[in-house]
Amino acid sequence: MIRLDKYLADMGIGTRQEVKRYIRKGQVMVNQKIVKAPEHKLKEEDDQVFVDGRRIDYVSYEYYMLNKPAGVVSATEDLRETTVIDLIRDRKRKDLFPAGRLDKDTEGLLLITNDGQLAHRLLSPRHHVDKTYYARIRGCVTEEDAAGFAAGVDIGAPGAGELTMPARLEILRSGSESEILLTIQEGKYHQVKRMFQAIGKEVVYLRRERMGSLVLDKELKPGEYRPLTEKELENVKNEDA
Ligand code: URA
C-alpha cells in the first residue's frame with residue numbers, strides 16, 4: 001500500500017506539494033472516483049489512477065541499457081555537466097542512478113536503474129563480475145603485455161603498489177595504434193587507462209562492451225538507450241559470479 005501523493009510524486013507527476021494540490025483540486029481519480037485526500041492509501045499493483053484523465057501506472061523499478069556517449073558524466077546530478085540520467089528522457093522514477101561509473105570520455109554499456117540491491121551485486125568487488133572493454137591504444141600491444149595483465153599489474157603510485165587481479169587481454173590489431181579487448185574483474189578508478197599507463201602505453205579510445213551477462217546492444221548509438229529485456233534482467237539478477 002502506498003499514499004496517493006507519494007504514488008504520483010514517485011511517477012514524476014510533480015513534487016509532493018504539487019501533487020497534493022492536484023489531488024485537492026479534484027484532478028485525480030482512483031478506480032473511477034475522484035479522491036481528494038493526498039493520504040488516501042492504494043495498492044500500487046491493482047488500483048487504477050488517473051490524473052486529468054491520463055492513466056498513471058506505478059513502476060517500482062526501472063532498468064535501462066544506455067550506450068553512454070563521451071562528454072557526459074556518470075552522476076545523477078551535476079550543475080554544469082550533462083549526466084547519464086539526463087539522457088533517459090522517458091524515465092518515470094526520480095531515483096535512477098548509474099550502476100557503476102565510466103569516465104567522462106569513455107563510451108559504452110551502462111546500466112541505469114533504481115534497484116540498489118541489483119547494482120550492489122553487480123559492483124561489489126566480492127562478486128568479480130567480468131567487465132569487457134574495447135580500446136584503441138597508442139603503441140604496439142604485444143603478447144608479453146597480455147601475459148603481464150594475466151599475472152596482474154601494479155597500477156599504484158610509484159612505491160605504493162596496487163596490483164590488479166588477473167585480466168584477459170585479446171589483441172585484435174597490433175601496430176603503432178592497436179585495438180584490443182580487455183576483460184577485468186574489478187573496477188578500480190581509471191583501471192583500464194592505468195593498466196596501459198603502467199606498461200607505457202596510452203588508451204586513446206575506450207568503450208565498455210559487456211558487464212557480466214549484459215552485452216551492449218549494437219543497435220544503440222552513443223547516447224541511445226532502451227529498457228532491459230526480461231531475459232537480460234533475469235540473467236543479471238541471477239548473475240552467479
Ligand atoms: N577504466 C577506465 O580507465 N575508465 C573507465 O571509464 C572504465 C574503466
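The values are calculated or read from the model by the stated rules, or taken from the named source; none is laboratory data. Quick caveat: nothing in here was measured; it's all calculated off a predicted structure. Please note: Cβ atoms are built from the backbone with ideal geometry, for glycine as well, and neighbour counts cover all protein chains shown. Remember, those area values only see protein heavy atoms, side chains included, never the ligands or the DNA or RNA. Shrake-Rupley method; radii C 1.70, N 1.55, O 1.52, S 1.80 Å.
Of note:
- Integer Hz, Karplus 6.51/-1.76/1.60 couplings in order for region 23-38, x for Gly and Pro: 5, 5, 7, x, 8, 10, 10, 10, 6, 6, 10, 5, 10, 10, 9, x
- Distance from the Cα centroid of region 192-241 to that of region 123-137 is 8 Å (rounded to whole angstrom).
- Within the chain, antiparallel bridges make up roughly 95 percent of the DSSP beta bridges whose residues both belong there.
- Rounded to the nearest 20, the Cβ-based charge dipole of region 154-241 about its Cα centre (Lys and Arg +1, Asp and Glu -1) stands at 220 debye.
- Whole-number percent relative contact order across region 15-115, with pairs defined as alpha carbons under 8 Å at least 6 apart: 23 percent
- To put it simply, the accessible area of the chain at a 1.4 Å probe is 47 percent carbon and sulfur.
- Spin-label pair TYR58-ARG173: with each label point 7 Å from Cα along the Cα-Cβ axis, the two points sit 5.3 nm from one another.
- Size of charge dipole - region 2-55 - debye, nearest 20, with Cβ of Lys, Arg +1 and Asp, Glu -1, no other charges: 300 debye
- Overall, the chain carries a charge dipole of about 1120 debye about its Cα centre when +1 sits on the Cβ of Lys and Arg and -1 on the Cβ of Asp and Glu, all other atoms neutral.
- When each of LYS94/LYS218; LYS33/LYS94; LYS6/LYS92 is checked by Cα-Cα distance, pairs over 20 Å: LYS94/LYS218; LYS33/LYS94
- Relative contact order %, the chain, counting alpha carbon pairs below 8 Å whose residues are six or more apart: 19 percent
- Semi-axes of the equivalent ellipsoid for the chain, Cα gyration tensor, largest first, Å: 45, 16, 15
- Sequence-separation-based contact order of region 2-55, relative, with Cα cut under 8 Å and 6+ spacing, percent: 37 percent
- A helix-only calculation puts the chain at -5500 deg cm²/dmol for mean residue ellipticity at 222 nm, using -39500 (n - 2.57) for each DSSP H run of at least four residues, averaged over all residues.
- Using θ = phi - 60° and Karplus 6.51 cos²θ - 1.76 cosθ + 1.60, couplings along region 121-138 (whole Hz; Gly, Pro as x): 4, 5, 9, 4, x, 4, 8, 6, 6, 5, 10, 10, 10, 9, 9, 9, 10, 6
- Charged neighbours of GLN48, selected by a Cβ distance under 12 Å, balance to -1 (K, R count +1; D, E count -1).
- Global form of region 2-55, assessed from the alpha-carbon gyration tensor, a/c cut-off 1.5: rounded
- Taking amide H as placed 1.01 Å from N in the peptide plane, VAL204 has its amide H under 5 Å from the amide H of ARG136, ILE137, ARG138, each at least 5 places away in sequence or on another chain.
- Annotation: extensible slack from ASP103 through ALA37 equals 19.2 nm (criterion: 0.36 nm per residue apart, minus Cα-Cα distance).
- Accessible surface, per residue, of the chain when the full set of protein chains is kept, probe 1.4 Å, Å²: 54 Å²
- With θ taken as phi - 60° and the Karplus curve 6.51 cos²θ - 1.76 cosθ + 1.60 applied, the whole-hertz 3J(HN,Hα) list for region 42-49 is 9, 8, 3, 7, 9, 6, 9, 10 Hz, x standing for glycine and proline.
- Enclosed volume per residue, in Å³, of the convex hull spanned by Cα atoms of region 178-241: 119 Å³
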